[in-house]
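*Asks:* Structure below; questions to follow.
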Amino acid sequence: MRIYHNIDEFTPLKNAVVTIGTFDGVHIGHRKIIAGIKELAGSTGGETVLLTFFPHPRMILHPEDETIKLINTIHEKAELLEQLGVDHLIITPFSRDFSNQSAEEYIRDILVKKIGTKKIVIGYDHRFGKDREGDFETLVKLGPVYGFDVVEIPEQDINEVAVSSTRVRNALLKGDIDLANTFLGYHFFVTGKVGRGDQVGRQIGYPTANIMIEEQYKLIPADGIYAVKVKTDEGAYNGMGYIGTRPTLNGITRSIEVNIFDFNQDIYGQQIRMEFHNFVRHDIKFTTLADLKDQLAKDKVDVMKLLESS
């Protein structure tokens, strides 16, 4: 997959089969659309193009809303799309100027002139252009003018999947990892560099890697203990993930940590990935570190059983 960080980097294609959207989560609904453009490109000798936006439009149009969190970072999204076999990914910088284009300007200048769109596949509710004036009917009307065909993903097809990025986000925020993973079609994950903590975990026999996530917009699931799998430069390992403020230690700052099983390597500064498989329990404040240690021993047994059965 070729990645373009600006539409001006892209050379128009002779037969572009295009879809457009934020594709946050790259969930099973999105995958149905991507399968559609791949099938269409395969039958017409075209190439697939996915046009997405960064920052997320809501971040630009509603900068006062600090609650906006996304399932994937832009790098994670690109990785997932590459795995699905998209030929070209265009990441268009979203701005107020961009949002002020009329629907026809967007179709003429972006889809036709800069991409070379011959077929466009969109969801039934897709809107675009200034004040979201453009829709499926707009594309159908202007298709003959600019030389492209429009394929709509019907409402019933999307509803059969019964999934949206919002439903995935809500599941994650509740700690319902099973539901989120079902909607996503893969295990939700976070990626970040390993930073140094205060070594309390090591003192009680459960050393943890502190995962530092740079992207402030990345959604983090509910506080608690999770059964996870960790990918490092050394390989893949089972582990016990933790999200919370460490109330037993009177912590204030929320942290993301993982106790990696059967692992004793120095990975400070290394980029690692933590995949969430199961929710184990909510965060609890213990009276003593000894009580915390006893509970972690029980948690580890639960985590190992869950990972063995997954």
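*Asks:* Counting other Cβ atoms within 10 Å of each Cβ, which GluC sites (Glu not before Pro) in the stretch 210-310 have at most 13 and sit in a DSSP loop?
*Replies:* Qualifying residues, ordered by number: E214, E234.
*Asks:* Within a Cβ distance under 15 Å of S310, other residues only, what is the Lys/Arg minus Asp/Glu net charge?
*Replies:* Once positives and negatives cancel, what remains is -2.
*Asks:* Counting only protein heavy atoms, what percent of the accessible surface of the stretch 214-274 is carbon or sulfur at a 1.4 Å probe?
*Replies:* In the stretch 214-274, the share of accessible area belonging to carbon and sulfur is 42 percent.
*Asks:* Relative to the longest principal Cα axis of the chain, at what angle does helix 136-146 sit, 0 to 90 degrees, rounded to 10?
*Replies:* Long axis of 136-146 versus the principal axis of the chain: about 50 degrees.
*Asks:* Something else now. Against the empirical 2.2 N^0.38 Å scaling, what ratio does the C-alpha Rg of the stretch 187-310 come to?
*Replies:* 0.98
*Asks:* Quick one: compute a quarter of the convex hull surface over the Cα atoms of the stretch 100-230 and quote it in nm².
*Replies:* 11.6 nm²
*Asks:* Can I ask one more? For the Cα atoms of the chain, what angle does the longest principal axis make with the long axis of helix 28-44, in degrees from 0 to 90, nearest 10?
*Replies:* 40 degrees
*Asks:* Would you mind working out the accessible area per residue for the chain, using a 1.4 Å probe, and quoting it in Å²?
*Replies:* Counting only protein heavy atoms, the per-residue value for the chain is 49 Å².
*Asks:* Right, here's the next one. Any chance you could run the full-extension gain for R132 through R167? It's 0.36 nm times the residue separation minus the Cα-Cα distance, nm to one decimal.
*Replies:* Taking 0.36 nm per residue and subtracting the Cα distance, the gain is 10.3 nm.
*Asks:* Return one quarter of the surface area of the convex hull spanned by the alpha-carbon atoms of the chain, equal to its mean projected area, in nm².
*Replies:* 17.4 nm²
*Asks:* Just to confirm the number: angle between the C-alpha axis of helix 74-83 and the first principal axis of the chain, 0 to 90 degrees, nearest 10?
*Replies:* Between helix and principal axis, roughly 70 degrees.
*Asks:* Pop out the carbon and sulfur fraction of the accessible area of the stretch 60-104 as a percent, whole number, probe 1.4 Å.
*Replies:* Here it works out to 50 percent.
*Asks:* Same structure again: Can you tell me the dipole magnitude for the stretch 210-288 around its Cα centre, using point charges on the Cβ only (Lys, Arg +1; Asp, Glu -1), in Debye to the nearest 20?
*Replies:* Charge dipole of the stretch 210-288: 320 debye, to the nearest 20.
*Asks:* Within the stretch 47-125, which GluC sites (Glu not before Pro) sit in a loop by DSSP and count at most 11 neighbouring Cβ atoms inside 10 Å?
*Replies:* E64, E66
*Asks:* A follow-up question, please. Identify the trypsin sites (Lys or Arg not before Pro) of the stretch 166-210 meeting these criteria: DSSP loop state and at most 16 other C-beta atoms within 10 Å of the C-beta.
*Replies:* Answer in residue order: K174, R196.
*Asks:* Between K174 and Q295, 0.36 nm times their residue separation minus their Cα-Cα distance comes to what?
*Replies:* 41.4 nm
*Asks:* How much mean residue ellipticity at 222 nm does the chain get from its helices, if each DSSP H run of length 4 or more adds -39500 (n - 2.57) and you divide by all residues, to the nearest 500 deg cm²/dmol?
*Replies:* Calculated at 222 nm, the ellipticity per residue is -9000 deg cm²/dmol.
*Asks:* Now, a different point. With contacts defined as alpha carbon pairs under 8 Å and 6 or more residues apart, what's the relative contact order of the stretch 183-310 in percent?
*Replies:* Once divided by the residue count of the stretch 183-310, the mean separation gives 31 percent.
The values are calculated or read from the model by the stated rules, or taken from the named source; none is laboratory data. The structure presented is a predicted model; accordingly, all values stated were derived computationally and were not measured. Note: ideal-geometry Cβ built from the backbone for every residue, glycine included; neighbour counts use all protein chains shown. Protein only, heavy atoms only, side chains kept; ligands, DNA and RNA dropped before computing areas. Shrake-Rupley method; radii C 1.70, N 1.55, O 1.52, S 1.80 Å.
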